[in-house]
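Have a look at the structure below before the remarks.
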Amino acid sequence: MKHTHVLIVGAGPSGTGAAATLARAGVDCLLIDKATFPREKLCGGLVTGRCLSLINDVFDLPYDATILRSSKDIRLMMNGMVLSHVTDHTTLHFTMRCEFDHWLLSRAIALGAKTQLGVAIIDITDNAVTLADGTTITFDILIGCDGVNSLVARHLFGRAFNSKTIGFGLEIEAPLRQNQSVDIDFGVAEWGYAWVFPKHKSVTIGVGGIHAKNPDLKMRLNEYLAKQGVDPKACKVKGQYIPFGDYRRIAGRDHVILCGDAAGLVDPITGEGIGYAIQSGASAARAVIAQSTPNVTAAIYQREIAPIHSDLKRARFWRYLIFPRLFKPIFKRLFGGTGTLSRGYLDVMDGTRGYTDLWALLWRRILGK
């Protein structure tokens with residue numbers, strides 16, 4: 001039997017963000033994961049400028065061109081038609097999560113985080129977890145960073161997510177083409193989008209949206225791949241549930257809290273979640289450091305992540321102006337060209353603007369400015 005003050009379940013960006021912050025503060029913590037790293041992870045791999053700032057603040061890591069590929073060549077599309085092609089404004093960054101997550105984990109370990117990897121959890125109670133190798137680990141505080149299928153969320157709330165509102169994504173890796181643009185197509189999936197994200201060695205092509213509204217998602221992916229000149233039969237397709245704006249209003253209870261995808265902290269329009277994962281992991285660590293007794297950790301954490309929840313509330317409203325079929329013609333007209341609104345949307349993707357800023361930009365676009 002082992003004991004740790006803080007047990008962190010899941011060594012993705014939120015888990016390593018929490019572990020790095022606690023280790024730097026000298027707080028006893030243990031980071032566990034069922035996988036050994038590097039490991040595969042379905043994700044478009046969008047890393048925004050805001051996310052890069054968080055990586056620098058939380059991990060003290062600068063931009064690494066071997067992990068990240070940057071692009072200014074971005075196309076917003078609708079059913080294959082280019083609405084806006086911007087090459088001189090926002091820079092977006094892309095990564096393979098296999099390399100990226102290992103990079104962050106290695107840094108957390110270098111900062112002093114203790115880990116136990118490669119052994120799955122088979123049971124969780126209010127003060128202990130049991131691993132598949134028979135080890136029992138007791139804790140004072142539990143931070144669940146174990147993704148959309150979170151065992152910690154099931155322990156707290158009986159289920160990891162709501163099947164009626166959860167998103168789902170399918171993607172493949174294809175050979176990288178010369179001069180490949182970043183493509184985001186809002187017409188391929190219902191309440192979702194398709195993406196073409198160039199990486200260093202390949203290009204990630206995928207389709208995602210609200211799962212309940214896309215029972216034919218595999219067919220939509222195959223059609224999109226064919227339009228991209230990619231043979232669907234030659235590709236290994238990966239699938240994963242994705243929180244798509246269905247965040248947990250209450251992200252914990254007493255001494256147990258949830259971060260990142262486990263708490264549903266994913267932008268419901270862009271699908272970006274890496275930045276929110278790191279931010280929430282660091283917020284969880286700050287809540288631990290600030291608490292006087294373990295049972296008030298969740299209350300402090302809830303206040304810490306209030307800005308994230310505010311962002312997601314605003315994004316949830318905007319998606320009603322972007323995704324419904326009724327508004328597609330309006331969306332095409334307003335986001336066409338390389339003017340105010342399309343550039344503002346890319347700024348939101350990059351994290352240099354928020355959804356509140358889009359209202360003023362929308363009004364300017366309507367007035368033709």
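The values are calculated or read from the model by the stated rules, or taken from the named source; none is laboratory data. What you are looking at is a predicted structure, and each value in this text was computed from that prediction instead of being measured. Virtual Cβ from ideal backbone geometry, glycine too; neighbours counted across all protein chains shown. Surface accessibility is based on the protein's heavy atoms, side chains included, excluding ligands, DNA and RNA. Shrake-Rupley method; radii C 1.70, N 1.55, O 1.52, S 1.80 Å.
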Is one or more of the residues making up the range 309-324 in contact with a strand residue (DSSP E or B) (Cβ under 6 Å, 6 or more places away or on another chain) and open to solvent by less than 50 Å² (accessible area, probe 1.4 Å)? no
Selection from the range 216-243 of residues that are modelled with pLDDT under 95 and either among the β-branched types (Val, Ile, Thr) or open to solvent by less than 10 Å² (accessible area, probe 1.4 Å) (or both): 230, 237, 242, 243
Would a scan of the range 266-285 turn up a residue that is among the acidic types (Asp, Glu) and under 26 Å from residue 185 (Cα atoms)? yes
Which of (1) over 25 Å from residue 207 (Cα atoms); (2) in contact (Cβ under 8 Å) with a residue 40 or more places away in the chain is the odd one out, the single condition residue 88 does not satisfy? (2)
Pairs returned, first residue in the range 334-353 that is more than 15 Å from residue 73 (Cα to Cα) and among the aromatic types (Phe, Trp, Tyr), second residue that is assigned to a helix (DSSP H, G or I) and open to solvent by 30 Å² or more (accessible area, probe 1.4 Å), beta-carbon separation under 9 angstrom, 6 or more apart or interchain, are 335/365
Looking at 52, 76, which one is free of Cβ contacts under 8 Å to residues at least 60 places away in the same chain, in contact with a His (Cβ under 9 Å, 6 or more places away or on another chain) and under 21 Å from residue 266 (Cα atoms)? 52
Pick from 201, 236, 213: which is of a type in the set (Lys, Arg) and more than 26 Å from residue 101 (Cβ to Cβ)? 213
Name the residue that is surrounded by the most Cβ atoms within 10 Å (Cβ to Cβ), counting only residues in the range 292-308 that are assigned to a helix (DSSP H, G or I) and of a type in the set (A, V, I, L, M). 298
Which members of the range 333-352 meet the condition of being charged (D, E, K, R) and either open to solvent by less than 10 Å² (accessible area, probe 1.4 Å) or in contact with a Leu (Cβ under 6 Å, 6 or more places away or on another chain) (or both)? none
Need pairs with beta-carbon distance below 8 Å; first residue under 21 Å from residue 126 (Cα atoms) and within the range 1-18, second of a type in the set (Phe, Trp, Tyr) and outside any strand (DSSP E or B); sequence gap 6+ or separate chains. 11/37
Go through the range 119-148 and report how many residues are open to solvent by 50 Å² or more (accessible area, probe 1.4 Å) and part of a strand (DSSP E or B). 3
Neighbours by Cβ (under 8 Å, 6+ apart or cross-chain): first from the range 151-169, among the hydroxyl-bearing types (Ser, Thr, Tyr); second surrounded by fewer than 18 Cβ atoms within 10 Å (Cβ to Cβ): 163/212; 165/212
